[in-house]
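Everything below concerns the one structure shown next.
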Amino acid sequence: MNAIEIINISKTYKSKTKTITALNNISLEIKEGELFGLIGPDGAGKSSLFRILATVLLPDVGSAKILNYDVIKNFKNIRKLIGYMPGRFSLYQDLSVEENLKFFATIFETTIEENYDLISDIYKQIEPFKNRRAGKLSGGMKQKLALSCALIHKPKILLLDEPTTGVDPVSRKEFWEILKKLKSQGITILVSTPYMDEANLCDRIALIQNGKILDVDLPENIVNKFDKDIFSVASDNMFLLLNDLRNYSHTLSCFAFGDSHHLVIERNKADENLLIQYLSRHKNLSVKKIEPTIEDCFMQMLQSEN
Ligand SMILES: Nc1ncnc2c1ncn2[C@@H]1O[C@H](COP(=O)(O)OP(=O)(O)OP(=O)(O)O)[C@@H](O)[C@H]1O
């Protein structure tokens, strides 16, 4: 059975001066027990979709179901079945760690003790600070508390909107370990992230940009479908290098990627020696053929869209 079904959803925000299309005819199916990632940059429409699924925002067009309950007609049933962690953690900054957790437990007519099993792994890490105000916690600790609050009523489905944004790399890694464990306990997880490197940690992903889904697949299939050659190129003058690479006759696209540039060329059209010759004015030149990453695939899809 599908845990989540999204059918032709569109959402616009209108002000006096402009209309913003946040979601443009989105359809998606997420299976029970899946760890599904919605990957896209700021403003892509991720939060709007999460808010519709969490029954706190109405779509203009289309429908969505969670475990067969309609997000509009059956919103009360859905609220009991989901744990929702909004983009900016929904903690009460002036309440302590323990008070926040008790508050969420009370809303769902349960207690911390009753559901301690499910959250114990996560909560144990912040329990030593249970009297500290949420506002005084580090990003990683806030994230763990927010997840504990979202889990306190034993939801079947977790909706986690950018849970790792602004969190340090160690806490990010720990958080994904926790998600893996929750998945093994049978919880379906829909998680959004702007970090492309987190895509590989999901069972399946959807790439989203400008309110449109560009592709849905296993992370490895997205990479395998990439049918171009990629070179990682660096030199002493990265700015000049980017210009030169963009002017190269075989270039399809070229963009800065960490401390090198990624050059995309039609498959088997590139002769590495000719490229090195073309770039001969560069000092400390390095040219390496590499395997594409999800980010390369995403950039290429954006290029094709435009
Ligand atoms: N309440 C609102 N009123 C007007 N525009 C909005 C509103 N909420 C979102 N938007 C706009 O809709 C588009 C999609 O925003 P959304 O928050 O859904 O994307 P996102 O992928 O979650 O990005 P972010 O991480 O920046 O929130 C953006 O252009 C955003 O500025």
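The values are calculated or read from the model by the stated rules, or taken from the named source; none is laboratory data. Everything numeric here is computed off the predicted structure, so don't read it as measured data. Cβ: placed from backbone, ideal geometry, glycine included. Neighbour counts: every protein chain shown.
List of remarks:
- Condition met for Phe175 (assigned by TED's automatic domain parsing to the domain that holds Val56, in contact with a His (Cβ under 7 Å, 6 or more places away or on another chain) and of a type outside the set (Lys, Arg)): no
- Close pairs from the range 3-15: first assigned by TED's automatic domain parsing to the domain that holds Leu49 and without any contact (Cβ under 8 Å) to a residue 12 or more places away in the chain, partner surrounded by fewer than 22 Cβ atoms within 10 Å (Cβ to Cβ) and hydrophobic (A, V, I, L, M, F, W, C), Cβ under 7 Å, at least 6 apart: Tyr13/Ile20
- First in the range 47-62 and over 13 Å from Thr12 (Cβ atoms) and touching a residue at least 60 places away in the same chain (Cβ under 8 Å), second anywhere and more than 8 Å from the ligand (Cβ to nearest atom) and not hydrophobic (A, V, I, L, M, F, W, C), Cβ under 7 Å, 6 or more apart: Ala54/Tyr84
Each row is one residue, and each column tells you yes or no for (1) of a type in the set (Phe, Trp, Tyr); (2) in the same structural domain as Val167 (by TED's automatic domain parsing); (3) in a helix (DSSP H, G or I).
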position: Lys181; (1), (2), (3): no, yes, yes
position: Gly186; (1), (2), (3): no, yes, no
position: Ser192; (1), (2), (3): no, yes, no
position: Glu198; (1), (2), (3): no, yes, yes
position: Ile205; (1), (2), (3): no, yes, no
position: Leu214; (1), (2), (3): no, yes, no
position: Ile230; (1), (2), (3): no, no, no
position: Val233; (1), (2), (3): no, no, no
position: Asp236; (1), (2), (3): no, no, no
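- Looking across the range 157-177, just one residue is in a loop (DSSP other than H, G, I, E, B) and away from the ligand (no atom under 16 Å from the Cβ), and that is Asp168.
- Ala150 being more than 16 Å from the ligand (Cβ to nearest atom), aliphatic (A, V, I, L, M), in contact with an Asp or Glu (Cβ under 9 Å, 6 or more places away or on another chain) and not in a strand (DSSP E or B): no
- Pair list, Cβ < 6 Å and 6+ apart or interchain, from the range 28-44 residues that are in contact (Cβ under 8 Å) with a residue 12 or more places away in the chain to residues that are surrounded by fewer than 20 Cβ atoms within 10 Å (Cβ to Cβ) and of a type in the set (Lys, Arg): Leu35/Lys183; Phe36/Arg204
- Taken over the range 135-158, the criterion of being under 19 Å from the mean Cα position of the chain (by Cα) and farther than 14 Å from Lys183 by Cβ is satisfied by Gly139, Gly140, Lys142, Gln143, Lys144, Ala146, Ala150.
- Within the range 6-56, the set of residues being of a type outside the set (A, V, I, L, M, F, W, C), more than 9 Å from the ligand (Cβ to nearest atom) and in a strand (DSSP E or B) comprises Asn8, Ser10, Thr19, Asn24, Asn25, Ser27, Glu29, Lys31, Gly37.
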